[in-house]
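One structure is given here, and the rest of the page talks about it.
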Amino acid sequence: LERIRADHERALREAKETLQKLPEEIRRDIRQDKEKLLQDARGGKDAGAPGLPRRLFRQPVGAVGQEPADPIVRQRRGKIKEMMEHAWNNYKRYAWGLNELKPISKQGHSSNLFGNIQGATIVDALDTLYIMEMKEEFKEAKEWVEKNLDFNVNAEISVFEVNIRFVGGLLSAYYLSGEEVRQYHMCCLIDAHGYFLYFSFPQHSGIGRNWPWASGGSSILAEFGTLHLEFVHLSHLSGNPVFAEKVMNIRKVLNRLDKPEGLYPNYLNPSSGQWGQHHVSIGGLGDSFYEYLLKAWLMSDKADEEGKKMYYDAVQAIETHLIRKSSGGLTYIAEWKGGLLEHKMGHLTCFAGGMFALGADGAPDDKTGHHIELGAEIARTCHESYDRTSMKLGPEAFRFDGGVEAIATRQNEKYYILRPEVIETYMYMWRLTHDPKYREWGWEAVEALEKHCRVDGGYSGIRDVYHNHENHDDVQQSFFLSETLKYLYLLFSEDDLLPFEHWVFNTEAHPLPILHKDDENKEENEK
């Protein structure tokens, strides 16, 4: 804890010193740092470091899959590709180079999550374009990245969002296509080294931002707990262990802390190293922390025993204290506030069905079947949240109290912003069980998206899914291309496309290869 406080105070001092400089000085320093890093990475004559190692690229198994054998499945997958083409072409026509598209207004849109960084939709969509074999679109996206993507911004950013969308997107595009994106893969590593490493630890100092939904100056569990997959791969590719060391230190701090009832609260004070409010959620503010514990273990070829133990211990606490069954028989995950349950489940929480099923094979005490069943029950509940709306699209949150089940009762919870989590769970449940209902439920979502969210200029979210007439929010989120459409495409693909034995998905659906021990040994022998 003393080391955390010392690091935090040093980072604050450095941030204050930076902010006292003139903008021209800051830009000059950034430029000089990048030039040195580029020189080091290329092994320049004056390089003070050995630079990034040259690695023999091997395309992982399943970067390209076979056509579905069933003609109906093939036709449906073709329709999903056409949806991607509609979303992409309109982004290109009206918002090219900007972060997102306003499909009604037919202009660009940008939130403050990315600071002055631009191109979120391009980077987020790279791997979707690749696996859908949209080769020309992938080529033009890659060229934009090589020429225009720039992390040299003096602005507040969400470390979480930039990591999962930009760093994750660049890494997965490299792993899928290899030499084609070598240049911007290098750019990703250098920019991550120059920005994320120095400004992200401890969180919320320097350029990192403390978002308004954080409580009392605390850091958010899902933000500092959702860096592991990307940073381990940065160390793997760069040969620099510092990326992985940083995220492992975060985990070790969390592992040592006392946890109320075995649960991880959503807020941690970065100065004291103690939990903030005892608010626990498997949805927003907490969700991807648990996901990354499981996937860190899987990505390590099941060598990361610490991640495995933390995940299954957390699942046991979630089952004991948060998972409940309604009088109508629907299993849901409530939120925990200081020992009291709020019987509300968010759309974001619906990812957990897929997570439980994905982790079933390693579950302790012969609980594999139980975890698969738990995933199936969460999938059914989330499907009901869609089916009980007028538009057959799910609300942002739904409740189990006051005589209602799986229905949003508050106006500010009735919107749908093209979110992927329910479809994500359908995809995992299909892959792990091959129960045809998950494809049928996925197709219901496709039909609802086409009927209610498709507009001339792309796809838009809906302000109230219980109305009979659409009131669009006029935003085509970048994650619609990265996650929603990718998970739909995989749902209607054969299992040989991005097979789970060789890939894990980050929380933005960017596929990252499992670091198989045998592959590492082969690579070492070839050096």
Requested in this report: Inspect all residues belonging to the stretch 70-88 and state whether any of them is assigned to a helix (DSSP H, G or I), among the aromatic types (Phe, Trp, Tyr), open to solvent by 70 Å² or more (accessible area, probe 1.4 Å) and at pLDDT 95 or above.
Outcome: no
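Run down Asn471, Asn412 and say which single residue is on the phi < 0 side of the Ramachandran plot and either in contact (Cβ under 8 Å) with a residue 40 or more places away in the chain or over 25 Å from the mean Cα position of the chain (by Cα) (or both).
Asn471
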Query raised in the report: Any idea which of Gly44, Gly65 is small (Gly, Ala, Ser) and at pLDDT below 65?
Result: Gly44
Query raised in the report: In the set Lys486, Lys451, which member is buried (at least 23 other Cβ atoms within 10 Å of the Cβ) and either of a type outside the set (A, V, I, L, M) or within 18 Å of Pro103 (Cβ to Cβ) (or both)?
Result: Lys486
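The rows are residues; the columns are (1) in a helix (DSSP H, G or I); (2) of a type in the set (Lys, Arg); (3) within 17 Å of Ile378 (Cβ to Cβ); (4) open to solvent by 20 Å² or more (accessible area, probe 1.4 Å).
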position: Gly273; (1), (2), (3), (4): no, no, no, no
position: Gly284; (1), (2), (3), (4): no, no, yes, yes
position: Glu291; (1), (2), (3), (4): yes, no, yes, no
position: Ala296; (1), (2), (3), (4): yes, no, no, no
position: Lys309; (1), (2), (3), (4): yes, yes, no, yes
position: Ala314; (1), (2), (3), (4): yes, no, yes, no
Report task. Tell me, yes or no, whether the stretch 389-399 has at least one residue that is among the acidic types (Asp, Glu) and either free of Cβ contacts under 8 Å to residues at least 40 places away in the same chain or assigned to a helix (DSSP H, G or I) (or both). Result -> no
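Quick one: would you say Asp474 is surrounded by fewer than 20 Cβ atoms within 10 Å (Cβ to Cβ), of a type outside the set (A, V, I, L, M, F, W, C) and part of a loop (DSSP other than H, G, I, E, B)?
Numbers: surrounded by fewer than 20 Cβ atoms within 10 Å (Cβ to Cβ): yes; of a type outside the set (A, V, I, L, M, F, W, C): yes; part of a loop (DSSP other than H, G, I, E, B): yes.
Judged against the criteria, Asp474 is a match.
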Query raised in the report: Here are Ala244, Ala222, Ala303: which of them is out of contact with any strand residue (DSSP E or B) (no Cβ under 9 Å at 6 or more places or on another chain) and part of a loop (DSSP other than H, G, I, E, B)?
Result: Ala303
Requested in this report: Taking the residues in the stretch 150-174 that are part of a loop (DSSP other than H, G, I, E, B) and not polar (S, T, N, Q) as candidates, determine which candidate is nearest to Glu25 (Cα to Cα).
Outcome: Val153
Requested in this report: Return yes or no: is Gly206 assigned to a loop (DSSP other than H, G, I, E, B) and at pLDDT 55 or above?
Outcome: no
Requested in this report: Tell me which residues, restricted to the stretch 238-269, are closer than 23 Å to Phe505 by Cα and among the hydroxyl-bearing types (Ser, Thr, Tyr).
Outcome: Ser238, Tyr264
Query raised in the report: How many of the residues making up the stretch 347-385 are more than 22 Å from the chain's Cα centre (by Cα), crowded, with 21+ Cβ neighbours inside 10 Å and among the hydroxyl-bearing types (Ser, Thr, Tyr)?
Result: 2
Query - Identity of the residue in the stretch 125-149, open to solvent by 10 Å² or more (accessible area, probe 1.4 Å) and not in a helix (DSSP H, G or I), that ends up modelled with the lowest pLDDT - result: Leu149
Query raised in the report: For His278, which of the numbered conditions (1) closer than 24 Å to Ile164 by Cα; (2) surrounded by fewer than 21 Cβ atoms within 10 Å (Cβ to Cβ) fails to hold?
Result: (1)
Query raised in the report: Of all residues in the stretch 225-237, which are in a helix (DSSP H, G or I) and either closer than 14 Å to Thr507 by Cα or of a type in the set (Phe, Trp, Tyr) (or both)?
Result: His228, Leu229, Glu230, Phe231
Requested in this report: For the stretch 253-270, state whether one or more residues are out of contact with any Asp or Glu (no Cβ under 6 Å at 6 or more places or on another chain), farther than 30 Å from Arg399 by Cα and of a type in the set (Val, Ile, Thr).
Outcome: yes
Query raised in the report: Quick check: anything in the stretch 318-332 of a type in the set (D, E, K, R), under 23 Å from Asn255 (Cα atoms) and in contact with a helix residue (DSSP H, G or I) (Cβ under 7 Å, 6 or more places away or on another chain)?
Result: no
Requested in this report: From (1) touching an Asp or Glu at 6+ places or on another chain (Cβ under 9 Å); (2) open to solvent by less than 30 Å² (accessible area, probe 1.4 Å); (3) not in a strand (DSSP E or B), pick out the condition that doesn't hold for Asp518.
Outcome: (2)
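Residues of the stretch 401-431 being assigned to a loop (DSSP other than H, G, I, E, B) and open to solvent by 20 Å² or more (accessible area, probe 1.4 Å), which ones?
Kept after step one, since they are assigned to a loop (DSSP other than H, G, I, E, B), are these residues of the stretch 401-431: 401-406, 408-410, 414-415, 417-420.
Hits for the stretch 401-431 are Asp401, Gly402, Gly403, Val404, Glu405, Thr409, Arg410, Lys414, Tyr415, Ile417, Arg419.
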Query raised in the report: Quick one: is Gly168 farther than 22 Å from Tyr94 by Cβ, crowded, with 23+ Cβ neighbours inside 10 Å and not hydrophobic (A, V, I, L, M, F, W, C)?
Result: yes
Report task. Mind telling me which of the residues Ile104, Ile157, Ile122 ends up being open to solvent by less than 10 Å² (accessible area, probe 1.4 Å) and either β-branched (Val, Ile, Thr) or at positive phi (or both)? Result -> Ile122
Query raised in the report: Of all residues in the stretch 454-464, how many are in contact with a His (Cβ under 8 Å, 6 or more places away or on another chain) and either surrounded by 19 or more Cβ atoms within 10 Å (Cβ to Cβ) or closer than 13 Å to Ser390 by Cα (or both)?
Result: 6
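The values are calculated or read from the model by the stated rules, or taken from the named source; none is laboratory data. All of these numbers come straight from a predicted model, not from anything done at the bench. Because the Cβ atoms are built from the backbone with ideal geometry, glycine has one as well, and the counts that use them run over all protein chains shown. Protein only, heavy atoms only, side chains kept; ligands, DNA and RNA dropped before computing areas. Shrake-Rupley method; radii C 1.70, N 1.55, O 1.52, S 1.80 Å.
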